[in-house]
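This is the structure, below, for whatever I ask next.
What follows draws every value from the coordinates through simple rules; no lab data is involved. Owing to the predicted nature of the structure, the values given are computational and were not obtained by experimental measurement. Don't worry about glycine lacking a Cβ; one is built from the backbone with ideal geometry, like all the others, and counts go over all protein chains shown.
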Amino acid sequence: MVLSRQIKKDSTVSKNSFNRVLTRFIYGLKLLLASLKNKISCMQNSRMLTLQQSIRFFSAMLFWLPVSVFSLLLIYNTIPYFSFSPNFSFIEERSLLFKNNFYYSCFYIHIFAGAFCILTALVQFSRIVLKKVKAIHRWSGRIYVFVVLFLGAPTGLYMSFFAKGSIWERSLFMFMAIFWFITTFYGLQTILKKNVLAHKVWMMRSYAMAMTAVTFRVYHIVFYLLGWDHLSNYELSLWISVIGNMLFAELMIYRKSKSYLKSFATS
Amino acid sequence: MKKFLLVGAVLMAGASIYGFVDYSKTKQSKEFSKMYDEPSIQKPEDIKTNDEPVVSKEEIVVEKKEAVKNSNVSKPAFVKKPVKRKIQKPRKVSYESFSRAPLREKVVIVKDDSKSEPRKAVVKEQH
């Protein structure tokens, strides 16, 4: 009897010890799994971060690469105009207007101002320049503002009266000149009041207006290849470039600013 | 700051007023109203190939006279003029077309002499 009791005791002890070992093993496994999970989640987070960063980088490149290429192409194509030769189809078409000395000088001032603004804008939006060499940003910004307010916008406004197309296209050119002037002025005003956020927003709007020259040419070529006749192609490209650029700028501002309506603040 | 705005505003106002005055002056000239008119270019579908025979007026007169005099005169021979074919080049874009200037395709006129050489009218008489 005693022996049998002893055996029973031993078996229960062994069972208990087995259970203990098992529970400890399971607990250990759980801990291991948890730590592994934690590690994996950590790894996933870091991968997600790098993925997000690379997506951001590539999307920025996707925007800035064509923008800078087309901007430089526009400037490259503008340079021959400074030979002051009348043998350009743009000038030949408007030969009557180019007999007027005022229009003639306004044209050359305007293309100089436009090319200059597009070139400086490429520098202005560079984060590297802004962080490392602030002086460049400041000085090129001052020149940009001067060129827009006193050269680009007034000459553009004068030339808009003689623009190609109907009264609507001329009105659109006038609107562009006035909008360019106002946005640039607000950009200056806000930075003088040290409101950097509002300055960024207004300068984005100003740059969107300056870039209509570039986007117009892109649409113009696309519609030409699609087989549109010249006048309708010209008008459509003009409207799409202006409205499209404005909408794109507003979309970017909306995405970046916490309260969109405050982006219209000028102080 | 105010000076900037003042100078800029004066320039803008001056540009708009002078632009309007200048525009109303130049608007009256016929050259200005026709300045942006597109040159009429025949589309490739509209260009007719010269397949129909062309008979010169002199030959018709001669034929009529012959017909009156002699009923045995044979039919007039057809005289073809050299065919001018307009070939529209396919639309190509170069870096130079990245401008506000009008983009137009080039039309090349090719004289197709091989197909239709001018022939002399031959009048056959039946004896």
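Rounded to the nearest 500, what is the 222 nm mean residue ellipticity of chain A from helices alone, with -39500 (n - 2.57) per DSSP H run of 4+ residues and division by all residues?
On the way: 11 runs with 220 residues, N = 267.
Value at 222 nm, helices only: -28500 deg cm²/dmol.
Across bins of 5 angstrom width beginning at 0, how are the C-alpha pair distances of the range A:111-267 distributed, in whole percent?
So the P(r) values, bin by bin, are 1, 9, 17, 21, 20, 15, 9, 5, 2, 1, 0.
OK, next. Quick one: Karplus J couplings for the range A:227-241, per residue in order, coefficients 6.51, -1.76, 1.60, θ = phi - 60°, nearest Hz, x for Gly and Pro?
Whole-Hz 3J(HN,Hα) from phi for the range A:227-241: x, 6, 6, 4, 5, 5, 4, 4, 5, 5, 4, 5, 5, 5, 5.
While we're looking at this one, here's another question. Quick one: helix A:167-192 against the long Cα principal axis of chain A, what's the angle to the nearest 10°, folded into 0 to 90?
Once rounded, one gets 60 degrees.
A further question on this structure: Could you state the angle between the C-alpha long axis of helix A:212-225 and the longest principal axis of the C-alpha atoms of chain A, as a value from 0 to 90 degrees rounded to the nearest 10?
For A:212-225 against chain A, the angle is about 90 degrees.
Determine the sum of side-chain charges near A:Ile111: Lys and Arg each +1, Asp and Glu each -1, restricted to other residues whose C-beta is under 14 angstrom from that of A:Ile111. If you can, show how the numbers build up before the last one.
Numbers: positive: A:Arg94, A:Arg217, B:Arg100; negative: none.
Surrounding charge for A:Ile111 is +3.
Any idea what diffusion coefficient the range A:178-254 gets from Stokes-Einstein, in µm²/s, Kirkwood Rh on alpha carbon pairs, 25 °C, 0.890 mPa s?
Details: Rh = 13.3 Å.
Answer, rounded: 184 µm²/s.
Determine ³J(HN,Hα), in whole Hz, for all residues of the range A:17-28 in sequence, where each value follows from phi through the Karplus function 6.51 cos²θ - 1.76 cosθ + 1.60 and θ = phi - 60°; x replaces Gly and Pro.
For the range A:17-28, the Karplus curve yields 5, 5, 4, 4, 4, 4, 4, 5, 5, 4, 4, x Hz.
Treat every Asp and Glu Cβ in the range A:84-264 as -1 and every Lys and Arg Cβ as +1, leave all other atoms uncharged, and give the resulting dipole magnitude about the Cα centre to the nearest 20 debye.
Details: 19 positive and 6 negative charges, 273 e Å.
I would put it at about 1320 debye.
Quick one: helix A:196-210 against the long Cα principal axis of chain A, what's the angle to the nearest 10°, folded into 0 to 90?
The two axes meet at around 50 degrees.
While we're on this one: Pick out, from A:Val133, A:Tyr103, A:Pro154, the residue whose Cα sits farthest towards the positive end of the charge dipole of chain A, with +1 on the Cβ of Lys and Arg and -1 on the Cβ of Asp and Glu.
Among A:Val133, A:Tyr103, A:Pro154, the one farthest towards the positive end of the dipole of chain A is A:Val133.
Still on this structure, I have one more. Tabulate in residue order the Karplus-calculated ³J(HN,Hα) for the range B:15-23, using 6.51 cos²θ - 1.76 cosθ + 1.60 with θ = phi - 60°, rounded to whole Hz; enter x for Gly and Pro.
For the range B:15-23, the Karplus-derived couplings read 5, 5, 5, 5, x, 5, 5, 5, 5 Hz, x marking Gly and Pro.
List, in the order given, every pair from A:Lys164/B:Lys30; B:Lys34/B:Lys92; A:Lys193/A:Lys256 whose Cα-Cα distance in the structure shown is over 18 Å. Mind showing how you got there, number by number?
Numbers: A:Lys164/B:Lys30 16 Å; B:Lys34/B:Lys92 28 Å; A:Lys193/A:Lys256 21 Å.
As for pairs spanning more than 18 Å Cα to Cα, those are B:Lys34/B:Lys92; A:Lys193/A:Lys256.
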